[in-house]
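For reference, the structure discussed in these notes is given below.
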Amino acid sequence: MSNPITQDLLNLSHELGREDRGLAMLGEGNTSTRLTDDTFLVKASGTCLGTLKEEDVVECRLSALLPMLEKENLTDQQVDDALLAARVDPKAKKPSVEAVFHAWLLSLPGIKFVGHTHATTVNQILCSPRARELAARRMFPDEIVCCGVASVFIPLTDPGLKLAQVIRRETEAFIKKHQCQPRVILMQNHGIITLGGTWQSVLAAMLMAEKAAKVFVGAAQLGGPVFFSEENIARIAGRPDEAYRQRALKM
Ligand SMILES: [Zn+2]
């Protein structure tokens, strides 16, 4: 029997990979969890979230991947070599190219799990001229409870190391502006990342973000959405009953 953290990661992966949810198909998306001070588990390249098995996750060293964020102009080959060299077990599968942003997000205080998908409705908006509004605005209370007061927005960026660097820059700017960590990161023409202290909170943020995207698309057909004002958001985010719901949801 695998250790409980690996099992949590597989549970999260299977929930995110469920075909009926339209979040990820085939090799799309990836997941990760912090294991020790210096290591984390991440989905291997080319494996499928919905059927992920223990041998499809790779233990990697943070100390081997985080220094890459300081480097400019690494070739694809150098990035590939570094990904392979970061594995604790050299016989393990190759980690996803997105392992670098997982490593950085898992190094934030309190973040234990990260999920990434190409959720269909979220991507409908992220591939539209209104992409930024989905990140900046909020429409209903549970969206704030599960997805936070706003999401980080990542303008169109090449996947791989460059994307990890832009995610770090934009997430640091978000934390400075909002004085809290984000729960959701939206990447233009690409997909969504959710992060949290439990696998349940990562799943809840993902499902609620996809629901919010459905509400957005539907409301847009009726001339909307009508968004919350900044005061609406601040009031909901500060309510004690909402804090209670967040704890009950393991947020
Ligand atoms: Zn992706």
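The values are calculated or read from the model by the stated rules, or taken from the named source; none is laboratory data. Keep in mind that this is a model prediction, so the values were computed, not measured. Note that each Cβ is placed from the backbone with ideal geometry, even for glycine, and that neighbours are counted across all protein chains shown. Heavy atoms of the whole protein, side chains included, go into the accessibility calculation; ligands, DNA and RNA do not. Shrake-Rupley method; radii C 1.70, N 1.55, O 1.52, S 1.80 Å.
Just a few scattered comments:
- Expected 222 nm ellipticity per residue - DSSP helices of 4 or more, -39500 (n - 2.57), all of the chain, to 500: -13500 deg cm²/dmol
- Counting only protein heavy atoms and a probe of 1.4 Å, the accessible surface of the chain is 54% carbon and sulfur.
- Measuring between their Cα centroids, segment 139-153 and segment 186-251 lie 3 Å from each other.
- Of the peptides 119-131, 220-232, the ranking by mean beta-carbon count within 10 Å, highest at the top, reads 119-131, 220-232.
- Cα pair distances of segment 146-209 binned at 10 Å [whole percent]: 22, 52, 25
- When the convex hull of its Cα atoms is projected in every direction, mean area for segment 106-251 (nm²): 8.2
- At a probe radius of 1.4 angstrom, the accessible area of the chain per residue rounds to 47 square angstrom.
- Per-q log10 I(q)/I(0), the chain, q = 0.14 Å⁻¹ (Debye; single scatterer per alpha-carbon; no solvent): -0.90
- Where N is the number of residues in segment 43-143, Cα Rg divided by 2.2 N^0.38 Å: 1.30
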